[in-house]
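Shown next, in structure tokens, is the structure this report addresses.
Please treat every number below as a calculation from the coordinates, not as lab data. Since the structure is predicted, the reported quantities are computational estimates derived from the model, not experimental observations. Neighbour counts run over all protein chains shown; Cβ positions are idealised from the backbone, glycine included.
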Amino acid sequence: MADETTDVSAQFQLYLLSDGTPVERFWGFFNPTGHDAKSLSECIIFNLEKVLESPDIPQRVTVLDKIVKHRVPRSSNTRWNFKSRIVNTVYENLESLIECMKEIESTFNQTIAINQAGALHWMLNDDRFIFWLRVFHSLMPHVDILYNQLQKQTMDPVELSKAIFRFEENILKERQNIDNIFETSQNHPTKKRRQDGTIETRKIVAKEVCDIFIVNVKERFDYKNHLNASYLYLSTKFPMYENNFPSDHFNKTIEAYPFLDVTKLKTELQLFYKRTDFRDISSSVHLLKFIIENNLTLIFSESYKLLKIISTIPMTTAEAERSFSTLKRIKTFLRNSMTEDRLTALAMLSIEKRMIDNIPNFNEEVINRFAEKKERRIDLTYKHVPEI
């Protein structure tokens, strides 16, 4: 799309917009030789040719869209990004990406683009690359699941223990499946089978990668004495605890919380482990809620105290990190003189949006309080005047 105007120096300017989908982008201002249709069309075509002849990335993106029909996700600088989307996209579109590299090598005239495409073509066919791509394609979904579970606002130590246990269990399954992963990569249609003496080495290293995943998670969420109490309320282990009381976790819990009645707490726990109706409760929060709703706070008084402590210990810093992200969105360079009260109020509206949406007539209440705060020159609220 193009339009024209005259600037402050009386120069005739042509305004070009690149008509893309789904938005329009500013292209630039240009000074055509005349006001007639021929001059305007020549100016537009001349500037379009600059882009069409450009050897930069847009041409490569066109080939990618044509053959692969899927964009490779861009990497992110956030520390929580595990690059799993990139791994999955490359694995699922491997053959199409190879065809894309072939197309660039055979049709492009730019030496840099051809060399880069050739290097990528070689890498995508390399048996070592395919093997590790397959390994991480199998492992990263489990990491993503654990990551998303940890973002829950209601995450408590019991749920965290279960999530980590399931993560370790699935990574161990993938570890045992390394041989099958190797066979899959060897039989991949994009490569020729080759025996190079490194088969066993790759298998060993891949298993070490699985071990590193498990060790790092354990170290990251290593339970100290004050968190060992969560193990006492893992409902999935209640049948085992019924016959084999978890003395080690119990003693560490008592050491961390000496104000608890040792004898009474042990009696309560043994009752938990024996009764089947407690085995369906999935987390410490739900167990605490069950005790309160069924008027059992006196019967399980020590467990009630301990569960309140467990349920209020934050497992991750996800909520704090979200607040920092909100801070960066609200207090920008153009609003850097904002007072703390205003900043806190705006952050509250953004962070607790769901809670505010559930408050009836919230907007009306805000308007009324603003109107009643002081006398104003105009009436901001409707006042009913009784008839005389």
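Electrostatic tally near Leu346: other residues with Cβ closer than 13 Å to its Cβ, Lys and Arg +1, Asp and Glu -1, net +3. Dimensions of region 317-360 based on its C-alpha atoms, expressed as ranges along the principal axes with the largest first, amount to 33, 27, 14 Å.
The simple Förster model, with R0 at 56 Å and r as the Cβ-Cβ distance, assigns Lys374 and Val262 a FRET efficiency of 0.40.
Near Leu265: Cβ cut-off under 12 Å, other residues only, Lys/Arg at +1 and Asp/Glu at -1. The net charge is 0. First check a/c for region 224-312, with a ≥ b ≥ c the square roots of the eigenvalues of its C-alpha gyration tensor; if it is under 1.5, answer rounded, and if not, answer prolate when a/b is larger than b/c or oblate otherwise. The shape class here is rounded. Using a simple spin-label model with pseudo-atoms 7 Å out from Cα toward Cβ, Ser41 and Thr198 lie 5.9 nm apart.
Please work out whether region 101-141 counts as rounded, prolate or oblate from its C-alpha gyration tensor, where a ≥ b ≥ c are the square roots of the eigenvalues and a/c under 1.5 means rounded, while otherwise a/b larger than b/c means prolate and anything else oblate? It is prolate, given that a/c is not under 1.5 and a/b is the larger ratio. Between the beta carbons of Ala119 and Arg354, assuming R0 = 51 Å, the FRET efficiency works out to 0.55 to the nearest 0.05.
Mind giving me the FRET efficiency for Glu169 and Asn251? R0 is 30 Å, r the Cβ-Cβ distance, nearest 0.05 is fine. FRET efficiency, Glu169 to Asn251: 0.65.
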